[in-house]
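Take a look at the structure below.
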Amino acid sequence: VVVNPTSATVEKGSAQDFKATVTNDLTNDGVTWKLEGNKSDKTTLIDGKLTVSEDETATDLKVIATSVKDPSKSASADVTVVEAPEITITIDPMNAEVKQGSTQDFTALVGNDKKNGGVEWSITGATAKDTKIETNTKAKLLSGSATLTIGEDEKIGTVITVEATSVTDGTKVATAKVVVTSKDEITTP
C-alpha cells in the first residue's frame, strides 16, 4: 500500500485529498481509511479526503490506508495542522475629499477568506439623512465595491468614516476617511 502524498501541511478549515495505491490486489478491494490524532470530531477523513475543522487543536495527524484484502498491509501520511492566515481587508481610496451632493466609489479587497464572504459597507459620522453608502455589486471574488453619496445638506468639514467589514469574520474591518467639502468651492489658479 502506498499513500500519496506521504506528508502534508493543512490549514484549519481546509481539506487535503490523499490517494492510496494497492499493488497485488487482484480483486481491487481497495483500502479502508483511518484518521489518528484529531481532537475535534469535526475533523474528518472520508474516502481519502481529510477535512481539518477550524476548531482542531491537534497539530499532528496521521492518515492511514489499510488494505481491505490484507489488513496487515498499510501505509500512512503525516499531516501538520497550521492556523489559517488571518483575513485581510484593504480599502481604496483610504482618504478622500467629496463635495456636497457628490459621490465617491470605494473598493475593498479581501485576502485569505476561504468562504469568499465579501464585505458589508457602513458609514459613521454623517449628519445629513441623504448621506449613504450603497453596495454596487454583490461582493464576489474577494472584493466588493460601493458608492458613497454625500447629501446636499451635509455639513462642510464633516469627517465620515467608511467601513468595510468582513462577512466571514466581523472583527476584520478596513476604514477610509472622507472629508466633506463645499459644492460651491471655487479653486483659484
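The values are calculated or read from the model by the stated rules, or taken from the named source; none is laboratory data. Since the model is a prediction, treat every value here as computed from it, not as a measurement. With ideal geometry, Cβ positions are generated from the backbone for all residues, glycine too; neighbour counts draw on all protein chains shown. The area values use the complete protein model at the heavy-atom level, side chains included, leaving out ligands, DNA and RNA. Shrake-Rupley method; radii C 1.70, N 1.55, O 1.52, S 1.80 Å.
Each residue, THR135 and ASN116, gets one label point 7 Å from its Cα in the Cβ direction; the gap between the two is 1.4 nm. How much of the DSSP bridge set in the chain is antiparallel, in percent, rounded to the nearest 5? The answer is about 85 percent antiparallel. Given the options ALA65, ALA128, ALA176, state which has the largest fluctuation in a GNM of the chain using a 10 Å cut-off (strictly under) for Cα springs. Largest GNM mean-square fluctuation: ALA128. Of THR149, THR44, VAL162, which is farthest towards the positive pole of the chain's charge dipole, taken about the Cα centre with +1 and -1 on the beta-carbons of Lys, Arg and Asp, Glu respectively? Toward the positive end, the furthest listed residue is THR44. Our coupling estimate for the stretch 48-62, obtained by passing each phi through the Karplus curve with A = 6.51, B = -1.76, C = 1.60 and θ = phi - 60°, is x, 9, 8, 10, 8, 5, 5, 9, 5, 9, 6, 9, 10, 10, 10 Hz, Gly and Pro reported as x. Among the GluC sites (Glu not before Pro) found in the stretch 51-90, those both in a DSSP coil and sparsely packed, with 15 or fewer other Cβ atoms within 10 Å of their Cβ, are GLU54, GLU83, GLU86.
Each residue of the stretch 83-97 was assigned a 3J(HN,Hα) from its phi angle through the Karplus expression (A = 6.51, B = -1.76, C = 1.60, θ = phi - 60°), giving 5, 6, x, 5, 5, 10, 9, 10, 10, 9, x, 8, 9, 7, 10 Hz with x at Gly and Pro.
A Förster radius of 45 Å combined with the Cβ-Cβ distance from THR6 to MET94 puts the calculated FRET efficiency at roughly 0.45. Rolling a 1.4 Å probe over the protein heavy atoms gives the chain an accessible area of 59 Å² per residue.
Once neighbouring chains are kept in place and the probe is 1.4 Å, which whole percent of the accessible area of the chain is contributed by carbon and sulfur?
The C+S portion of the solvent-accessible surface of the chain is 48 percent.
Between THR175 and SER40, full extension at 0.36 nm per residue minus the direct alpha carbon distance yields a gain of 45.0 nm. In the set [x] 118; [y] 130; [z] 152, the label that goes with volume of the Cα convex hull per residue in Å³ computed for this structure is [z]. For the residue pairs LYS129/LYS172; LYS34/LYS69; LYS39/LYS73; LYS19/LYS39, the C-alpha atoms sit more than 20 angstrom apart in LYS129/LYS172; LYS39/LYS73; LYS19/LYS39. Considering the dipole of the chain built from charges on the beta carbon (Lys and Arg +1, Asp and Glu -1) around the Cα centre, which of ALA65, GLY118, THR90 is farthest to its positive end? Most positive-ward Cα: ALA65. If you wrap the stretch 1-97 in the convex hull of its Cα atoms and look at it from every side, the mean projected area works out to 8.2 nm².
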